[in-house]
């Protein structure tokens, strides 16, 4: 089974203050996935980020931070506003995927997960398994969830891929992002930055804090942490640039593609 | 706890071949619910119908009818198209309710229910209970669900209210529809038709088959069957015309309102 993440920065115009979808990326990626599924029987789970549909609101309402009792209703409204906006993005993403003949069925994180201090602590994956068994493509996205300690939390798509990959025994994890993979330092700042073909520890980063974009759910370092955790379980993942045509298709087909493999195995074992 | 159903015929232009929302009803009903919640601590669950967002597609794809193996992918696409369209309606309904300050959180039927021969046979109501405990208003809607016998089925909002009312121990069930209640025969055809103040058996209907609109999920007779089943458990319900201003508000407040009470108790016991 493959877990494919489509980044919020790929599907939406993430830096826009308004919730805006990136139509051309969505349409092209839907075709790439459809082309793969037409000739492959592999089970697939899609996780998508939420970009400008979720992050500005999560920031505005400071979901996941402590708050006074008197702020509870305000926070609740923030929680449900976010749930509703990310659901809207999911509707748009599903519409395009369905138009390409992909039977995607939403299984929202806010309905199946509970968190403790921002980490998924309880889950009901029954529907995931049932939909997969019957040939559907379950789709899930960054969302708000109830939190035992903080009342409410934001769960990133990256945390979701990690959780699902382990608990659904994924064979492969693909992250479609807006960068080519993991660099030793920010390639926009340092000319001599280089791309890792394979990455196995955060210690390898030369300029840690400065590495590419940081968002409310952790940015690239957050992603890497989730994937290194997966690597500890023997599940390798690959980060590719989904803005470049056919990268996601090639990754799905396990063809050679520019990107970074996150793995703790020796390179020649992969 | 109150279970409130907002009918698809009230929220959408049901007879339209295109999915169309009834903006003015939605906006007015959101105000009525908000006005009630401002002065009442009562737990509330909202169930909404899907009208023109669901019924035409359910008919087109004949979801819930038997099919050949070769039609499976076609049926799957029908299933996911419906799930996505009703999710879109739910987004629009939630947006309006949230704007009125109501913390509604979607708990989709396609994620929590399984059916056997079109009836809910398995459910996970944990998230319903958790959201209610924390003061949210869970919202659910007519949807497609996996079916053990038929592979897939459509579950009406009316079946959902019945199931939730019993399994969440509702004190009160309110159905906001586009009619004044239950008539002994179709009031549009028979001048001498009269409205039941209280209704306790389908045998009371003079012209059964002819009674008001029939839709893919059973129409008025289907509604009454679900509510009579509830009445067997001692849970009374009331059908009111939600097209008329303040009817839903009055029903929520348990004020006198035109409508039909479905109950098996004697009238003076109610």
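Derivation of every value follows stated rules applied to the coordinates shown; laboratory data play no part. Because the structure is a prediction, the values reported are computed rather than measured. Because the Cβ atoms are built from the backbone with ideal geometry, glycine has one as well, and the counts that use them run over all protein chains shown.
Values for this structure:
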quantity: The protein assembly as shown - share of DSSP beta bridges that are antiparallel (%, nearest 5); calculated: 35
quantity: CD proxy at 222 nm, helix term only [per DSSP H run n ≥ 4: -39500 (n - 2.57); per residue of chain A; nearest 500]; calculated: -11000 deg cm²/dmol
quantity: Largest to smallest principal axis extent of the C-alpha atoms in the stretch B:2-269, angstrom; calculated: 56, 45, 34
quantity: Estimated distance in nm for a label pair at residue B:169 and residue B:193, the labels positioned 7 Å out from Cα along Cα-to-Cβ; calculated: 3.9
quantity: Copies compared at residue A:256 - label distances in nm, ascending, label defined 7 Å from Cα in the Cβ direction; calculated: 8.5
quantity: Neighbour-count ranking [beta-carbon atoms within 10 angstrom, fewest first] of B:111, A:114; calculated: A:114, B:111
quantity: Global geometry of the stretch B:1-148, whether rounded, prolate or oblate, following the gyration tensor of its Cα atoms and the 1.5 cut on a/c; calculated: oblate
quantity: Calculated FRET value between residue A:265 and residue B:255, using beta carbons and R₀ = 56 Å, to 0.05; calculated: 0.20
quantity: Counting DSSP beta bridges with both ends in the stretch B:2-269, the antiparallel % (nearest 5); calculated: 35
quantity: Copies compared at residue B:65 - label distances in nm, ascending, label defined 7 Å from Cα in the Cβ direction; calculated: 5.6
quantity: Pair residue A:148, residue A:41: separation of 7 Å Cα→Cβ label points (nm); calculated: 4.1
quantity: Segment residue A:77-residue A:203, extension gain: residue separation times 0.36 nm, minus the distance between their alpha carbons; calculated: 41.3 nm
quantity: Calculated label separations, residue B:229, copies of the chain, 7 Å along the beta-carbon direction, nm; calculated: 4.2
quantity: Computed log₁₀ I(q)/I(0) - Debye formula, equal Cα scatterers, no solvent, the protein assembly as shown, q 0.11, 0.12 Å⁻¹; calculated: -0.95, -1.10
quantity: Most fluctuating residue given options A:38, A:232, A:148, as computed from a GNM of chain A linking Cα atoms under 10 Å; calculated: A:38
quantity: Inter-chain shielding of B:79-86 (mean C-beta neighbours from other protein chains, 10 Å cut-off); calculated: 6
quantity: Ranked B:27, B:237, B:66, A:263, criterion: other C-beta atoms within 10 Å, fewest first; calculated: B:66, B:27, A:263, B:237
